[in-house]
Amino acid sequence: MADFLDDFKSMGGQNHPLYSIDRDHLDRLLAKDSPDSSDIVDLARLFIRYRGFPGVLDLQEDIKKVMTSWNLSGEMLNEKAKKLWQEGYRPGRNIQAGLGSGFDTTDE
């Protein structure tokens, strides 16, 4: 039993079921110099998900790195994300007008 606990402690606590997906998102955010709306919302989501989570310390450290590089505190990040949602931001709605399949166009 002690060996199991030692292994658990060396892993840094619990693993999260969305770790690999969130790792990909966070790697993308680490490469960004200036965030767009979806980046702010993604970082806020990750910040909330992993704040106080007993494990995945690498993700928690990288979340802090992104926040530092974008000059954001936790409160500032949450305020920006909240404002985006209140202004009508919805994932996937950043589609430019005029793009589409062309199915709904009429022949002239």
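The values are calculated or read from the model by the stated rules, or taken from the named source; none is laboratory data. Quick caveat, the model's predicted, so the values are computed rather than measured. A quick note on method: Cβ atoms are made from the backbone with ideal geometry, for glycine too, and the neighbour counts reach across all protein chains shown.
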- Query: Any residue at all in the range 22-34 that is surrounded by fewer than 16 Cβ atoms within 10 Å (Cβ to Cβ), more than 8 Å from the chain's Cα centre (by Cα) and of a type in the set (S, T, N, Q)?
  - Reply: yes
- Query: For the range 45-59, what are the residues that are surrounded by 13 or more Cβ atoms within 10 Å (Cβ to Cβ) and over 11 Å from the mean Cα position of the chain (by Cα)?
  - Reply: Phe53, Gly55, Val56, Leu57
- Item | Answer residue from the range 44-95, given it is assigned to a loop (DSSP other than H, G, I, E, B) and modelled with pLDDT of 95 or more and is farthest from Ser34 (Cα to Cα) among those | Ser73
- Message: Just to be sure before I move on: is Asp62 surrounded by 13 or more Cβ atoms within 10 Å (Cβ to Cβ) and not hydrophobic (A, V, I, L, M, F, W, C) in the structure I sent?
- Response: yes
